[in-house]
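Undergrad: What follows is a structure written as structure tokens; I'll ask about it next.
The values are calculated or read from the model by the stated rules, or taken from the named source; none is laboratory data. No experiment lies behind these values; they were computed from the predicted model shown. As a convention, Cβ positions derive from the backbone with ideal geometry for all residues, glycine included, and neighbour counts pool all protein chains shown. What goes into the accessible areas is simple: the full protein's heavy atoms, side chains included, and nothing from ligands, DNA or RNA. Shrake-Rupley method; radii C 1.70, N 1.55, O 1.52, S 1.80 Å.
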Amino acid sequence: MKIALMDSGIGLLPAAAAVRRLRPDADLVLSSDPKGMPWGPRTPEDLTVRALAVAEAAAAHRPDALIVACNTASVHTLPTLRARLEPGLPVIGTVPAIKPAAAGGGPFAIWATPATTGSPYQRGLIEEFAGGLDVAEVACPGLAEAVQHADEAAIDAAIADAAARTPGDVTTVVLGCTHYELVAERIRAALRGPGRSPLVLHGSATAVAAQALRRIGALPDPEATTRGTLTVLLSGREAPLPREAASYEEGRLLDTVSPAR
């Protein structure tokens, strides 16, 4: 079994680690575009060209499924990717976890990139799944870039800025960018304080990993003893995991269990 994941950068690590936990025996292909990161500010046309290149680099390794582990790419390029690669290669997009957040009731916030915040796509999900609920859309400028570069000071500043703009009565936060899941506990800490309610965070990594397995007819088997391989593609060329990956638990897990070839 081989699962490929694509993103502009290391935002694919949470979903890759989730696949590794569910199926330790799965071979992984991680395809990213560090030279083009971030994708958010790019035009849809430019983004589509870059996403296709990243996807096709992964597809050349003949995976059984491809996870688009990027909210921005899923919003703007998923139909094009599916038209190019399916039905031969199932393509699984990443959707912000607005539906499960809304199921919990109460006010919640969506932290996302400036490009996604307020977009028709995100507004459509809110209307479909959270109609009647108090939903705060919180743009997080610079946070994905700071996470990508493991810039501790910039991460703290971007999280503090977004936390200051998050209503105090929020009980749930949707992490609407895959990069944000790498600093989930830092986000939780920033939003935990006097007068604030206990906080629930909703990411997409585990759900996306499980969906990829379902699409190829595989079941989770966390106890599998065989260790899958790890192939890393940076702008189409094989390479080690970026050094920034070691700054995060998910990156350390992948590199420890299956070092990049």
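Undergrad: Confirm whether A218 is under 18 Å from the mean Cα position of the chain (by Cα) and of a type in the set (G, A, S). Spell out the reasoning first.
TA: On the way: under 18 Å from the mean Cα position of the chain (by Cα): no; of a type in the set (G, A, S): yes.
Criteria not met by A218.
Undergrad: Another question, if that's okay. Would you call S31 in a strand (DSSP E or B) and under 15 Å from the mean Cα position of the chain (by Cα)? Spell out how you get there, then give the answer.
TA: Details: in a strand (DSSP E or B): yes; under 15 Å from the mean Cα position of the chain (by Cα): yes.
So S31 passes the test.
Results for (1) out of contact with any Cys (no Cβ under 7 Å at 6 or more places or on another chain); (2) assigned to a loop (DSSP other than H, G, I, E, B); (3) closer than 24 Å to T226 by Cβ, shown as yes or no for each residue.
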position	(1), (2), (3)
V19	yes, no, yes
K35	yes, yes, no
T48	yes, no, no
A57	yes, no, no
L66	yes, no, yes
S74	yes, no, no
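Let's see how each residue does on (1) within 22 Å of P259 (Cβ to Cβ); (2) of a type in the set (S, T, N, Q); (3) open to solvent by 30 Å² or more (accessible area, probe 1.4 Å):
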| residue | (1), (2), (3) |
| --- | --- |
| S8 | no, yes, no |
| D27 | yes, no, yes |
| L47 | no, no, no |
| V68 | no, no, no |
| G104 | no, no, yes |
| W111 | no, no, no |
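Undergrad: Next question, about the same structure. Conditions first: (1) in contact with a Lys or Arg (Cβ under 7 Å, 6 or more places away or on another chain); (2) open to solvent by 10 Å² or more (accessible area, probe 1.4 Å). I92 passes all but one, so which condition is the exception?
TA: Going through (1) in contact with a Lys or Arg (Cβ under 7 Å, 6 or more places away or on another chain); (2) open to solvent by 10 Å² or more (accessible area, probe 1.4 Å) one by one, I92 breaks only (2).
Undergrad: OK, next. Give the range 155-174 a look and list any residue that's surrounded by fewer than 16 Cβ atoms within 10 Å (Cβ to Cβ) and within 20 Å of the chain's Cα centre (by Cα), or say none.
TA: Narrowing the range 155-174 to residues surrounded by fewer than 16 Cβ atoms within 10 Å (Cβ to Cβ): 156-157, 160, 164-165, 167-169.
The one that is surrounded by fewer than 16 Cβ atoms within 10 Å (Cβ to Cβ) and within 20 Å of the chain's Cα centre (by Cα): D156.
Undergrad: Still on this structure: Kindly establish whether P14 is assigned to a loop (DSSP other than H, G, I, E, B) and either surrounded by 24 or more Cβ atoms within 10 Å (Cβ to Cβ) or touching a residue at least 12 places away in the same chain (Cβ under 8 Å) (or both). Steps first, answer last, please.
TA: On the way: assigned to a loop (DSSP other than H, G, I, E, B): no; either surrounded by 24 or more Cβ atoms within 10 Å (Cβ to Cβ) or touching a residue at least 12 places away in the same chain (Cβ under 8 Å) (or both): yes.
Answer is no for this residue.
Undergrad: Read through the list (1) open to solvent by 20 Å² or more (accessible area, probe 1.4 Å); (2) assigned to a strand (DSSP E or B); (3) of a type outside the set (A, V, I, L, M); (4) within 21 Å of L13 (Cα to Cα), then give the number of the only condition that E137 fails.
TA: Every listed condition holds for E137 apart from (4).
Undergrad: Right, next: Being assigned to a helix (DSSP H, G or I) and open to solvent by 80 Å² or more (accessible area, probe 1.4 Å) narrows it down to one of R214, R186, so name that one.
TA: Working: R186 fails: open to solvent by 80 Å² or more (accessible area, probe 1.4 Å).
R214 is the lone residue from the list that is assigned to a helix (DSSP H, G or I) and open to solvent by 80 Å² or more (accessible area, probe 1.4 Å).
Undergrad: Further question on the same structure: Which condition from (1) in contact (Cβ under 8 Å) with a residue 24 or more places away in the chain; (2) surrounded by fewer than 16 Cβ atoms within 10 Å (Cβ to Cβ); (3) of a type outside the set (G, A, S) is the one that F129 breaks?
TA: Among (1) in contact (Cβ under 8 Å) with a residue 24 or more places away in the chain; (2) surrounded by fewer than 16 Cβ atoms within 10 Å (Cβ to Cβ); (3) of a type outside the set (G, A, S), the lone unmet condition for F129 is (2).
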